[in-house]
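> Here it is: the structure, laid out below.
The values are calculated or read from the model by the stated rules, or taken from the named source; none is laboratory data. The shown structure was predicted, so the numbers you read here are calculated from the model rather than taken from an experiment. For neighbour counting, all protein chains shown are included, and Cβ atoms are generated from backbone atoms with ideal geometry for every residue, glycine included. Note: areas computed on protein heavy atoms with side chains; ligands, DNA, RNA excluded. Shrake-Rupley method; radii C 1.70, N 1.55, O 1.52, S 1.80 Å.
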Amino acid sequence: MGELDHDRPVSLEIMAEAKEQVELYFSSVDQDSDLVAFLKEKAVERVAGKLIENPDYARDLQIPEPDPYWNGPKPKGPRDYLKRKVVLPSLPQVVLEIQNVINSPDSSADDLAKAISKDPKLVASLLRLANSAMFSFRAEVDTPSRAVALMGFRQVSSLALGAASLSLFRRSKDSILDIEKFWKHSIACGVIAQEIAKKAGIGDPERFFVCGLLHDIGLYIIYESDTSLASTLQYRADEEGKSFYSLEREMLGFDHAILGGTVLKDWNFPKSLVVAAAGHHDEVKSAEFHDAGLVHVAEFISRAMGYDLGLSKVLGDFSDEVWQTVNLSLDDFKEILPDINSTIESVCEILVEE
C-alpha cells in the first residue's frame, strides 16, 4: 500500500506533491464531510509513501491516448448494448446449483452443503474464508456442513455465491483491465461494506460482502467487450479531470452500475445484489436501499484507501447524506479501520488468483 513510515523524514517536496495529487483526486467530493477529511489525510500519507518508494509514481499513472478512438454508435440503453458483441462471462455450474438451492423454498442446509461440496476449489475458498479474520470462530470450520451450522443458511449461501462468482472475472488477451487491481478493489469494497454493516448493526453482513464483490461486473463487461470504448473512457477521464462513470453516462447514456445490475437481474441473482450493483453510483438509490448505500460508501472508501483501478484522477461523487444513513460515527469507523486493513489483506490472499 506504500504507507508512510513516520520514523523516516519526508521532504517538503514529496509532501507537497502528495498533497497536490490528493487535492485533485478529492476535488469532486464534498469537502465538508468529516469522513472525507479523514480519508484525505490518510491518502496524503499513502501517496507520500508511494513517492518515496518510486519517484516516478505520478508519471506511471499517465493514460495513453486510445487507438482507435471510440465514436459510437451510442446504444439506446443497457439492453441494447448487451445485444451487441458483448463478452459475458459464463456462470460456473456451481453458481447455478447454489442459485437453485437459494430459490427453492424446500431447500435445506444439507442441500446447500452438497451443492458447495461439488466444487473442491469453492470448498477450499469457503473454508479458508470461514477460518479467516472475517469471522474468528473459536473452533475450526472444516466442512461446508459445519460452516452452515455455525454461520447459518443465508450467510453461507451468500458467501459461497460470492466466492464462486468471483471466478467469473478473467482477463482476456486483448483487455486493458488490470485484473489483479480489479479483484483487490472488489474484495476491499466487499470487506469494507461487511465490516461497516457489522459495526452499524445492519443485518446479514455477509450479504454486503458479496454485494461488494460483484458491484463492478458491468465495468468488467465493458472492458472485456470493447477495448476502444474502455480506453477512450479512461483517456477522457484522465484528460478532462472527470470521473469515469460520469463519462460513461455522457458517452453511453448509462453507467457500468446500471449495466451490471441488468446482467445480474437477467442471471436471476438475489435482488440485494442487483440493487447494489445497479445503484451504487446513484445517490437516490443509495439513500433508499441499504445494499446500494453501503456499497456506495464502501466503494468510495476503498478507492480513497488506494484500492483503485486507476480509471481517473478524480474519485467522483460521494454522498455524505448516504453516509449518514449508515448511522456510523467517524470514531466508530476509525476503530474498525485496522481490522478492515488486515481483513482485506487476508481475504485477498485467499481469493486473488496468481
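> So PHE135 clears everything in (1) in a helix (DSSP H, G or I); (2) open to solvent by less than 60 Å² (accessible area, probe 1.4 Å) except one condition, right? Which one?
The one condition PHE135 does not meet is (1).
> Looking at SER145, SER157, SER117, can you tell me which residue is among the hydroxyl-bearing types (Ser, Thr, Tyr) and either open to solvent by less than 40 Å² (accessible area, probe 1.4 Å) or touching a strand residue (DSSP E or B) at 6+ places or on another chain (Cβ under 6 Å) (or both)?
Step by step, each of SER145, SER157, SER117 is checked, and only SER157 is among the hydroxyl-bearing types (Ser, Thr, Tyr) and either open to solvent by less than 40 Å² (accessible area, probe 1.4 Å) or touching a strand residue (DSSP E or B) at 6+ places or on another chain (Cβ under 6 Å) (or both).
> May I ask you to list the residues in the stretch 215-265 that are assigned to a helix (DSSP H, G or I) and hydroxyl-bearing (Ser, Thr, Tyr)?
Hits for the stretch 215-265 are TYR220, TYR223, SER225, THR227, SER228, SER231, THR232, TYR235, TYR245, SER246, THR262.
> Any residue that is under 29 Å from PRO92 (Cα atoms), in contact (Cβ under 8 Å) with a residue 60 or more places away in the chain, within 18 Å of the chain's Cα centre (by Cα) and surrounded by fewer than 20 Cβ atoms within 10 Å (Cβ to Cβ) - is there at least one of those in the stretch 254-267?
No: the stretch 254-267 contains no residue that is under 29 Å from PRO92 (Cα atoms), in contact (Cβ under 8 Å) with a residue 60 or more places away in the chain, within 18 Å of the chain's Cα centre (by Cα) and surrounded by fewer than 20 Cβ atoms within 10 Å (Cβ to Cβ).
> Right, next: Looking at this structure, is SER107 open to solvent by less than 100 Å² (accessible area, probe 1.4 Å), more than 26 Å from the chain's Cα centre (by Cα), at pLDDT 90 or above and not charged (D, E, K, R)?
Here the answer is yes, as SER107 does meet what is asked.
> Oh, and also: I'd like the full set of residues that are surrounded by fewer than 24 Cβ atoms within 10 Å (Cβ to Cβ) and in contact with a Ser or Thr (Cβ under 7 Å, 6 or more places away or on another chain), limited to the stretch 268-312.
The answer is GLU283, ALA287.
Yes/no per residue for (1) in a helix (DSSP H, G or I); (2) in contact with a Lys or Arg (Cβ under 9 Å, 6 or more places away or on another chain); (3) basic (Lys, Arg):
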residue	(1), (2), (3)
GLU65	no, no, no
VAL87	no, no, no
ASP106	no, no, no
ASP111	yes, no, no
ALA115	yes, no, no
ARG128	yes, no, yes
VAL141	no, no, no
LEU150	yes, no, no
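> Could you please find all residues in the stretch 291-334 being within 13 Å of the chain's Cα centre (by Cα), of a type in the set (Asp, Glu) and at pLDDT 95 or above?
Across the stretch 291-334, the qualifying residue is only GLU299.
> From the residues in the stretch 51-71 that are in contact (Cβ under 8 Å) with a residue 60 or more places away in the chain and not acidic (Asp, Glu), which one is most open to solvent (accessible area, probe 1.4 Å)?
Filtering the stretch 51-71 for residues that are in contact (Cβ under 8 Å) with a residue 60 or more places away in the chain and not acidic (Asp, Glu), the one most open to solvent (accessible area, probe 1.4 Å) comes out as GLN62.
> Let me ask another. For the stretch 36-57, does any single residue satisfy the condition of being in contact with a Lys or Arg (Cβ under 6 Å, 6 or more places away or on another chain), at pLDDT 90 or above and in a loop (DSSP other than H, G, I, E, B)?
No: the stretch 36-57 contains no residue that is in contact with a Lys or Arg (Cβ under 6 Å, 6 or more places away or on another chain), at pLDDT 90 or above and in a loop (DSSP other than H, G, I, E, B).
> Any residue at all in the stretch 172-185 that's free of Cβ contacts under 8 Å to residues at least 24 places away in the same chain, more than 14 Å from the chain's Cα centre (by Cα) and open to solvent by 20 Å² or more (accessible area, probe 1.4 Å)?
yes
> What's the number of the only condition in (1) modelled with pLDDT of 90 or more; (2) assigned to a loop (DSSP other than H, G, I, E, B); (3) open to solvent by 100 Å² or more (accessible area, probe 1.4 Å) that PRO75 fails to meet?
(3)
> Scan (1) under 27 Å from SER172 (Cα atoms); (2) in contact with a Leu (Cβ under 8 Å, 6 or more places away or on another chain); (3) surrounded by fewer than 24 Cβ atoms within 10 Å (Cβ to Cβ); (4) touching a residue at least 40 places away in the same chain (Cβ under 8 Å) for the single condition LEU213 breaks and write down its number.
Among (1) under 27 Å from SER172 (Cα atoms); (2) in contact with a Leu (Cβ under 8 Å, 6 or more places away or on another chain); (3) surrounded by fewer than 24 Cβ atoms within 10 Å (Cβ to Cβ); (4) touching a residue at least 40 places away in the same chain (Cβ under 8 Å), the lone unmet condition for LEU213 is (3).
> Looking at GLY162, GLY190, which one is open to solvent by less than 20 Å² (accessible area, probe 1.4 Å) and modelled with pLDDT of 90 or more?
The unique qualifying residue is GLY190.
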